[in-house]
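Chemist: My structure is below; once you've seen it, I'll send some questions.
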Amino acid sequence: FAQCPRRYLLDSALHWPLSPGGGEGAMTLGTEVHEFLAGLRTDVSEEARQLAQAFEQSELARRASNATRQHREMDFLVEIDGTLLRGQIDLWFDEGRGPVLVDYKTDRYLSEARLHAYELQMRFYAMALETLTRKPVREAWLFPLRQPEAHAVDVSPQALQSAVQVLRQWRAAEESGV
């Protein structure tokens, strides 16, 4: 929405244009990887196993395994600034100093625009997690599995407030029909 409200309406609400089978394979692969990393399944493709392994061998995975608290594939439904947000957090853990949020990405290529959109998503997830845990998120990381280098996401109060502004713009556009 933040990049182009009209495109958001076409893609998300109207599901247009309909691609002939495009994206279904990527969605299946993403589901495989996430479920494998969460320990929900073991029968996955070799590609999914290799992508998951990229995270499992990372410093973030080591930190998560040593944390006092760890949650994977956590569904949430929370209210943020008068709007219900629903999502699924791939991984969060607490080493005793506050939640650390991690989101895996299986994209073949992460453009700057796509990365920026994912950062906004992570800020919403950080607000949701803070609502649920009553603790501010200390760190947030995007982890692109094809280029296994964690990308820090700013979850400072200022960054979270800018995400709330996008949410307010979206709500105003939806209410006015723009």
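Chemist: Do you know which residues across region 43-65 are open to solvent by less than 90 Å² (accessible area, probe 1.4 Å), over 15 Å from THR106 (Cα atoms) and touching a residue at least 24 places away in the same chain (Cβ under 8 Å)?
Modeler: Answer for region 43-65, where residues must be open to solvent by less than 90 Å² (accessible area, probe 1.4 Å), over 15 Å from THR106 (Cα atoms) and touching a residue at least 24 places away in the same chain (Cβ under 8 Å): SER58, LEU60, ARG63, ALA64.
Chemist: In this structure, does LEU60 turn out to be touching a Pro at 6+ places or on another chain (Cβ under 8 Å), outside any strand (DSSP E or B) and either at pLDDT 90 or above or closer than 29 Å to ALA163 by Cα (or both)?
Modeler: Taking the combined requirement at face value, the residue does not satisfy it.
Chemist: Hey, can you tell me all the residues within region 139-178 that are in contact with a strand residue (DSSP E or B) (Cβ under 6 Å, 6 or more places away or on another chain), assigned to a loop (DSSP other than H, G, I, E, B) and open to solvent by 30 Å² or more (accessible area, probe 1.4 Å)?
Modeler: Within region 139-178, just ALA150 meets the criteria.
Chemist: Does region 158-171 contain at least one residue that is among the basic types (Lys, Arg) and without any contact (Cβ under 8 Å) to a residue 60 or more places away in the chain?
Modeler: No, the conditions are met nowhere in region 158-171.
Chemist: So, one more: Answer with yes or no whether TYR125 is surrounded by 19 or more Cβ atoms within 10 Å (Cβ to Cβ) and either of a type in the set (S, T, N, Q) or in contact with a Gly (Cβ under 7 Å, 6 or more places away or on another chain) (or both).
Modeler: Here the answer is yes, as TYR125 does meet what is asked.
Chemist: Can you name the residue in region 71-114 that is assigned to a strand (DSSP E or B) and basic (Lys, Arg) and, of all such residues, is least open to solvent (accessible area, probe 1.4 Å)?
Modeler: Going through the qualifying residues, I end up with LYS105.
Chemist: Which pairs have Cβ atoms under 7 Å, sit 6 or more apart or on different chains, and link a residue in region 23-42 that is closer than 16 Å to TRP92 by Cα to one that is modelled with pLDDT under 90 and open to solvent by 40 Å² or more (accessible area, probe 1.4 Å)?
Modeler: Pairs that qualify, where the first residue is closer than 16 Å to TRP92 by Cα and the partner is modelled with pLDDT under 90 and open to solvent by 40 Å² or more (accessible area, probe 1.4 Å), are GLU35/ARG41.
The values are calculated or read from the model by the stated rules, or taken from the named source; none is laboratory data. Because the structure is predicted, anything quoted here is derived from the model rather than measured. Cβ coordinates were reconstructed from backbone atoms using ideal geometry, including for glycine residues, and neighbour counts include every protein chain displayed. Just the protein is used for accessible areas: all its heavy atoms, side chains included, with ligands, DNA and RNA removed. Shrake-Rupley method; radii C 1.70, N 1.55, O 1.52, S 1.80 Å.
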